[in-house]
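Computed from the coordinates by the stated procedures, all read-outs in this text should not be read as laboratory data. Values in this document were obtained by computation on a predicted structure and should not be read as measured data. As a convention, Cβ positions derive from the backbone with ideal geometry for all residues, glycine included, and neighbour counts pool all protein chains shown.
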């Protein structure tokens, strides 16, 4: 067992034990008991390290949520729409704000600097190029942008029209020229030239989430204002697999292949064990069904739910219960 694996076991064992104190489930794991959670990012090399964007600011934990520290030095604004940790260098963290642009940290969240350039300051989505970590794509309330210097400066990648916002981005990890975006006007769109040109797909609903199955890159999920959809042919055709409105996240368990979690802004969390073909409700222990975001650790099995109001809840049993 590697050192990282050993530390992960120790941390998760202590968290599970804490959840059973006095024979009852814990309340929120933080960062406060009254936080709206908009973004969660997990260090892929040390899954007990998490970053959170909440109404009260940016927070970081190094012990799986037992304790939290403020981590927003240099950031302006309070609504944090998304966060991404660089898998090749976890000290690099990217944060999108709803009106104050993009921020980046190169020291694990100790300090942040603003991404400069001409772009819409309401940042809705961030994706790191799977081939070159210096190249990032940013979806904003208007259009999509790119940086080639780790988010320091930005320029337009594709200008759609005055009304089109890019709410979600998924970059294919295998066919790396392929990208998908969810938009507020044209639904799901696809590019085969790294985002310079885009084509419509048959999924026309307002799409807030797009996610590629890491075990089969031809399987893509799109969630939005009307339903959760699935494509098994790289976006050529789509079908509804869960008729629930206002999707907020889709995450995959990379250890227990075929397990997928989906969250919704007003109907909680659902889980599938057959790669999204059938779904069951997974809300036991959650005090609210207003879920803004989900995250799952790289070791699989530990899922974090960001709620509207009571902070973060965690499941250690595949979404059967939440603490």
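Across the range 136-238, C-alpha contacts under 8 Å between residues 6 or more apart give a mean separation that, scaled by the residue count, equals a relative contact order of 17 percent. So for the range 200-317, considering every pair of alpha-carbon atoms, how many percent are separated by more than 19 Å? The calculated P(r) of the range 200-317 puts 41 percent of pairs beyond 19 Å.
Centroid-to-centroid, using Cα positions, the range 290-323 and the range 148-165 are 31 Å apart.
Cβ-to-Cβ counts within 10 Å put 308, 245, 73 in ascending order as 73, 245, 308, the fewest first.
Pairs of Cα atoms in the range 194-269 fall into 10 Å distance bins, from 0 up to the last occupied one, in shares of 20, 51, 26, 3 percent. At q = 0.33 Å⁻¹, what base-10 log of I(q)/I(0) does the Debye formula yield for the range 279-318 when every alpha carbon is treated as an equal point scatterer in vacuo? Debye curve over Cα of the range 279-318, log10 I(q)/I(0) at q = 0.33 Å⁻¹: -1.26. Using the rule -39500 (n - 2.57) for each DSSP H run of four or more residues, divided by the residues of the chain, the 222 nm mean residue ellipticity is -2000 deg cm²/dmol. Ranked by how many other Cβ atoms sit within 10 Å of their own Cβ, fewest first, the residues 265, 231 fall in the order 265, 231.
With contacts taken as Cα pairs under 8 Å at a separation of at least 6 residues, the chain carries a relative contact order of 12 percent.
From least to most packed, judged by other beta carbons within 10 angstrom and beginning with the fewest, 76, 293 follow the order 76, 293.
Distance from the C-alpha centroid of the range 170-195 to that of the range 24-90: 27 Å, rounded to the whole angstrom. Divided by 2.2 N^0.38 Å, where N counts the residues, the Cα radius of gyration of the range 34-149 comes to 0.98. The percentage of C-alpha pairs in the range 125-250 whose separation is greater than 23 Å is 24%.
Within the range 3-315, the percentage of alpha carbon pairs spaced more than 38 angstrom apart rounds to 7%. What the Cα convex hull of the range 112-192 gives, in volume per residue, is 82 Å³.
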